[in-house]
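Enquirer: Once you've had a glance at the structure underneath, I'll fire off some questions.
The values are calculated or read from the model by the stated rules, or taken from the named source; none is laboratory data. Please read all numbers here as calculations on a predicted model, not as lab measurements. Please note: Cβ atoms are built from the backbone with ideal geometry, for glycine as well, and neighbour counts cover all protein chains shown. Note: accessible area is taken over every heavy atom of the protein model, side chains too, but ligands, DNA and RNA are not part of it. Shrake-Rupley method; radii C 1.70, N 1.55, O 1.52, S 1.80 Å.
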Amino acid sequence: MSKDTVSIHGIWASRWVFILAATGSAVGLGNIWKFPYMTGMYGGGAFVLVYLVCIALIGLPVMLAETLLGRRGRQSPVNTLSTLARCSGASERWSWAAVMGMIGALLILSFYSVVAGWALDYILGMVRGEFSGIDGAGAGQRFGGLTSDPVRLTIWHSLFMLLTAWVIARGVVAGLERTLRILMPLLFVLLLALLGYSMTTGHFMEGVRFLFDFDLAKVPDGILAAMGHAFFTLSVGVGSIMVFGAYMPRKASIGSTVLTVGLLDTVVALTAGMALFPVVFAAGLQPNEGPGLMFVTLPIAFGNIAGGNVFGVVFFLLVTVAAWSSAISMLEPAVAFFVERTGRSRGQVTSVIALLCWVVGLGTVLSFNLLADARFFVTDADGWHLYRWTSEGGMTFFESIDYLTSRIMLPLGGLLFVLFAGWVLDRDVFRDELALRHQRLFSLVYSLLRYVAPAGILIILVTELSK
Ligand code: PFF
């Protein structure tokens, strides 16, 4: 395959647009919702340290592999892998790794859209002042009221899915590039505004200390969670970064670009932590509440401190923008693939795929209310069952999809992508795409990709599956 091939879907104006797109994909609910609550649960700085190591040794090599493969293949991840495999004399079955990734990304989108819908509902709630002076019980009821109402959940889920599909349907340049040029600066402005606000709460240093002080005893608990999160937060393992790589200009340096994206994602996660924890402390609350941090703890905090209502709106707007720029990257691999495969217009392909995803998302909507007792992977007195109607044990539809994607499909996809780039793709092709000037640096990156990252991922997968 020639290195001068271009993608039929378009090409970014510069490497900066790739950085915007990949950072837009990476920065999402994972940074603003998951990272702060996981840090809260696993003991602050100790978790942050493990997380940073996982990003460097596993997350970045996978991101590099995806970007490089995408740019070399210039097609949707599935066709990229099958073409590159053919050119390297390997089996085209490698493309199944991208098929799994594509399905994984759509499954993530199905529930991501529901959770992003909650943020939309909270923007409205904050604007209406529903949280002023609210207490713990009130905030819990507000959240419970939302999740127990399938109609309200479906309306927000539909709206968010429409927003996502609209951007994708308009194409790589007119849709993605143009939207990201607005969303990403907006995201940074909102985040900085929130950080500025948290500095005025009088509890800023308490928040920072919590984030960076560490308790070594808690390190072991957080390791597996940190490794899994490194995949989710960088959006690697599903082909989203690979498809964006396919639109990257030839001249851009892959190494420094990937490093920039990883750095930006980490900076946003840490800034989100620094912006949120002081607010939680200022309201006299605890940061170790788990997933409820964003939708229960924070609203109480915003409802009870000066200026909280306005900044509550800013916060949920930030969450929505971050989720939106991530959601579009989940749809793109499949849309690019079916456009290539069927020759139909982007509009048609996007409508069908987004509709399918929306339908699967209804499963998540219902798993919070009418179908809360429909459980999968249940172990009870009479053994293991794939499915049971019970209120105890097992996982709801939402939890099952979240588990299946984040804990299994993403790491497995990531493993196959690094193995492909490190062991199947010709070394000279790899060197040519990476275009690093220093031999030592090249050897370091190549060994990270061939040995360190696959070994790390295997450890996560095996430990996860044997739990
Ligand atoms: N990186 C996103 C986040 O941190 O919220 C989540 C994500 C986006 C996962 C895109 C997978 C993906 F393909």
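Enquirer: Against the conditions (1) touching a residue at least 24 places away in the same chain (Cβ under 8 Å); (2) within 17 Å of Leu146 (Cα to Cα); (3) of a type outside the set (S, T, N, Q), where does Phe337 fall short? Just the number, please.
Expert: Among (1) touching a residue at least 24 places away in the same chain (Cβ under 8 Å); (2) within 17 Å of Leu146 (Cα to Cα); (3) of a type outside the set (S, T, N, Q), Phe337 violates only (2).
Enquirer: List pairs: first in region 239-254 and under 20 Å from Val445 (Cβ atoms), second among the basic types (Lys, Arg), Cβ under 6 Å, 6+ apart or cross-chain?
Expert: Pairs found: Gly245/Arg71; Met248/Arg71; Ala252/Arg15.
Enquirer: Checking the condition within 14 Å of the ligand (Cβ to nearest atom) and surrounded by fewer than 19 Cβ atoms within 10 Å (Cβ to Cβ), which residue from Ile168, Ile103, Ile108 passes? Step through it out loud before you land on a result.
Expert: Working: Ile168 fails: surrounded by fewer than 19 Cβ atoms within 10 Å (Cβ to Cβ); Ile108 fails: surrounded by fewer than 19 Cβ atoms within 10 Å (Cβ to Cβ).
Testing whether each residue is within 14 Å of the ligand (Cβ to nearest atom) and surrounded by fewer than 19 Cβ atoms within 10 Å (Cβ to Cβ) leaves just Ile103.
Enquirer: Restricting to region 23-39, what's the tally of residues that are part of a helix (DSSP H, G or I) and either open to solvent by less than 10 Å² (accessible area, probe 1.4 Å) or among the polar types (S, T, N, Q) (or both)? Can you show your working first?
Expert: So in region 23-39, the residues part of a helix (DSSP H, G or I) come out as 23-26, 29-39.
Now restrict to residues that are either open to solvent by less than 10 Å² (accessible area, probe 1.4 Å) or among the polar types (S, T, N, Q) (or both): 23-26, 29-32, 35-36, 39.
Number satisfying all stated conditions: 11.
Enquirer: Condition first: within 16 Å of the ligand (Cβ to nearest atom) and assigned to a helix (DSSP H, G or I). Can you find one or more residues in region 1-17 that meet it? Talk me through it step by step, then tell me what you get.
Expert: From region 1-17, those within 16 Å of the ligand (Cβ to nearest atom) are none; that's our starting set.
No, the conditions are met nowhere in region 1-17.
Enquirer: Of a type in the set (Ser, Thr, Tyr), within 16 Å of the ligand (Cβ to nearest atom) and farther than 26 Å from Glu433 by Cβ: which single residue out of Thr200, Thr179 fits that description? Give the derivation first.
Expert: Details: Thr200 fails: within 16 Å of the ligand (Cβ to nearest atom).
Going through Thr200, Thr179 in turn, the sole match is Thr179.
Enquirer: If you don't mind, there's one more thing I want to ask. If you scan region 265-286, which residues turn out to be under 26 Å from Ser25 (Cα atoms) and open to solvent by less than 10 Å² (accessible area, probe 1.4 Å)?
Expert: Passing the criteria: Asp265, Val268, Ala269, Ala272, Gly273, Ala275, Leu276, Phe277.
Enquirer: Kindly indicate whether Ala301 is closer than 13 Å to His203 by Cβ and open to solvent by 10 Å² or more (accessible area, probe 1.4 Å).
Expert: On the way: closer than 13 Å to His203 by Cβ: yes; open to solvent by 10 Å² or more (accessible area, probe 1.4 Å): no.
It is false that Ala301 is closer than 13 Å to His203 by Cβ and open to solvent by 10 Å² or more (accessible area, probe 1.4 Å).
Yes or no, residue by residue, for (1) farther than 16 Å from Phe337 by Cα; (2) more than 16 Å from the ligand (Cβ to nearest atom); (3) without any contact (Cβ under 8 Å) to a residue 60 or more places away in the chain:
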position	(1), (2), (3)
Ala65	yes, no, no
Leu68	yes, yes, no
Gly73	no, yes, no
Ser76	no, no, no
Leu84	no, yes, no
Trp96	no, yes, yes
Phe131	yes, yes, no
Arg152	yes, yes, yes
His157	yes, yes, no
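Enquirer: Given (1) within 30 Å of Ala65 (Cβ to Cβ); (2) touching a residue at least 40 places away in the same chain (Cβ under 8 Å), identify the lone condition not met by Leu370.
Expert: Of the numbered conditions (1) within 30 Å of Ala65 (Cβ to Cβ); (2) touching a residue at least 40 places away in the same chain (Cβ under 8 Å), the odd one out for Leu370 is (1).
Enquirer: Filter region 133-149 for residues that are in contact (Cβ under 8 Å) with a residue 12 or more places away in the chain and open to solvent by 30 Å² or more (accessible area, probe 1.4 Å) and give the result.
Expert: The answer is Gly133, Asp135, Gly136, Gly140, Arg142, Phe143, Ser148, Asp149.
Enquirer: Considering only helices (runs of 4 or more DSSP H) fully contained in region 366-467, which possess at least 3 residues that are acidic (Asp, Glu), open to solvent by 50 Å² or more (accessible area, probe 1.4 Å) and more than 16 Å from the ligand (Cβ to nearest atom)? Talk me through it step by step, then tell me what you get.
Expert: Numbers: elements: 397-402, 410-419, 427-434, 439-447, 453-465.
Hits in region 366-467: none.
Enquirer: Being assigned to a helix (DSSP H, G or I) and open to solvent by 50 Å² or more (accessible area, probe 1.4 Å) is the filter here; which residues of region 344-359 pass it?
Expert: Of region 344-359, the ones assigned to a helix (DSSP H, G or I) are 346-359.
The answer is Gln348, Ser351, Val352, Leu355, Leu356, Trp358, Val359.
Enquirer: Same structure again: Do any helices (runs of 4 or more DSSP H) lying entirely in region 58-152 carry at least 3 residues that are within 19 Å of Leu317 (Cα to Cα), and which ones are they?
Expert: Values: elements: 60-73, 77-87, 95-127, 136-147.
Answer list for region 58-152: 95-127, 136-147.
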